[in-house]
Amino acid sequence: NREGGPTHATEFTMLEWYRAGSPWRALMDDCTALLRLAAETVGTTHFTHRGRSCDPRLAPERLTVADAFTRFAGIDLSATLPVDPTAEPDRDTLAAAATAAGIRVGDDDGWSDIFSRVLAERIEPSLGDGRAVFLTEYPSREAALARPCDHDPRVAERFELWACGVELANAFGELTDPAEQRRRFHLEMDEKERVYGERYPIDEEFLAALALMPPTSGIALGFDRLVMLA
């Protein structure tokens, strides 16, 4: 019950679904079919928003976050990610690269603050122009509920679906390791305490449930935004 804007109301509809035993990329196939269905339902060949347009009948592009940083901001994000995914990323290297790219960096900005600003200012407005895009493989520290990728544990099985510069969905290969999830929750609370001076209790029931879950992929899609574009 806080922020509002052209693409966010305090009351909205989410379409959420899970696939037990399926890889996270199966959700991309679901999204591709859903975009086509939306276009067919309203009889349109293009989604449009604020001067941008995309054809929902085309298979969305699959673009890693690291590649997006290179393409739209000229920043080598991978150079700031430690080999040990539990270690802190290189804040100073990212700050220097962002500053060189003309992005404002505050003295008290952490790595995540700078990461989010680059995304918001240089990358997200350009996503999904011409055709929709899956922005994939977020840094693990920016995907607190997602499994690390097998090929590179520095990044996670997380993607967002974008069309016409609008985020439509956020998806994960769900992390089902309660010990690792507990570690991540404690890191989040440490940061919350540092910034806001408060902590929240750890959700013990959620952690207990994780131990019982099969390998699962899950997604939430903003239904109102999809309707708006269609």
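The values are calculated or read from the model by the stated rules, or taken from the named source; none is laboratory data. Predicted, not measured: the structure shown is a model, and the values here were computed from it. Using ideal geometry, Cβ is built from the backbone for each residue, glycine included, and neighbour counts are taken over all protein chains shown. Heads up: the accessible areas ignore ligands, DNA and RNA and are worked out on the full protein's heavy atoms, side chains in. Shrake-Rupley method; radii C 1.70, N 1.55, O 1.52, S 1.80 Å.
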Inset, instruction - Determine which member of the set 128, 110, 74 is of a type outside the set (Ser, Thr, Tyr), surrounded by 16 or more Cβ atoms within 10 Å (Cβ to Cβ) and on the phi > 0 side of the Ramachandran plot. - result: 128
Legend entry - Selection from segment 43-57 of residues that are outside any strand (DSSP E or B) and open to solvent by less than 80 Å² (accessible area, probe 1.4 Å): 43, 44, 45, 55, 56
Legend entry - Scope segment 178-214; condition surrounded by 14 or more Cβ atoms within 10 Å (Cβ to Cβ) and of a type outside the set (A, V, I, L, M); matching residues: 178, 180, 181, 182, 184, 185, 188
Legend entry - Unique match (being open to solvent by 40 Å² or more (accessible area, probe 1.4 Å), of a type outside the set (A, V, I, L, M, F, W, C), modelled with pLDDT under 95 and under 30 Å from residue 149 (Cα atoms)) among 84, 67, 92: 84
Inset, instruction - Return the only residue of 167, 198 being among the charged types (D, E, K, R), in contact with a strand residue (DSSP E or B) (Cβ under 9 Å, 6 or more places away or on another chain) and either under 17 Å from residue 63 (Cα atoms) or part of a loop (DSSP other than H, G, I, E, B) (or both). - result: 167
Inset, instruction - Look at residue 226 and say whether it is surrounded by 15 or more Cβ atoms within 10 Å (Cβ to Cβ) and farther than 14 Å from residue 146 by Cβ. - result: yes
